[in-house]
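Engineer: Here it is, the structure in full.
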Amino acid sequence: MPVDELKIDRAFISRETPTKADLAVIRTIVELARTLDLRTVIETAAQRDAMRVLGCDLGQGYHLCRPVHPEDLLRSVDSAAAA
């Protein structure tokens, strides 16, 4: 099975404010992913700002966006494109 993304589990950054040790682990994961030509994905809003600084590529999860019905999502995208 081909792999193109490496998801950084919330267990690595479970605190509201990551410690230096947390950031060192995440930095290592991001560097490993880059070496392997993989994109990195984070899951929580708490990780978002720290991960931007470290170069994380993508985000996903309930904390970043609530579940949306596909039709509502399409309307939202259409409205944003028209604006």
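Laboratory data are not the source of any read-out in this text; all were calculated from the coordinates shown. What you are looking at is a predicted structure, and each value in this text was computed from that prediction instead of being measured. Methodologically, a virtual Cβ is constructed for each residue, glycine included, from the backbone with ideal geometry; neighbour enumeration extends over all protein chains shown.
Engineer: Using per-residue counts of other Cβ atoms within 10 Å, averaged over each peptide, order 66-79, 23-36 from highest down.
Structural biologist: Put in order of decreasing packing, that is 23-36, 66-79.
Engineer: Oh, and also: Around residue 40, which amide H atoms from residues at least 5 apart in sequence, or from another chain, sit under 5 Å from its own amide H, with H modelled in the peptide plane?
Structural biologist: For residue 40, the qualifying residues are 6, 57, 58.
Engineer: Another one. If each of residue 22 and residue 3 carries a label point 7 Å out from its Cα toward its Cβ, how far apart are those two points in nm?
Structural biologist: 2.4 nm
Engineer: Quick one: Karplus J couplings for segment 21-34, per residue in order, coefficients 6.51, -1.76, 1.60, θ = phi - 60°, nearest Hz, x for Gly and Pro?
Structural biologist: 5, 4, 5, 5, 5, 5, 4, 5, 5, 4, 5, 4, 4, 4
Engineer: Between residue 10 and residue 36, with labels modelled 7 Å along Cα→Cβ, what's the label distance in nm to one decimal, could you check?
Structural biologist: Those two pseudo-labels are separated by 2.3 nm.
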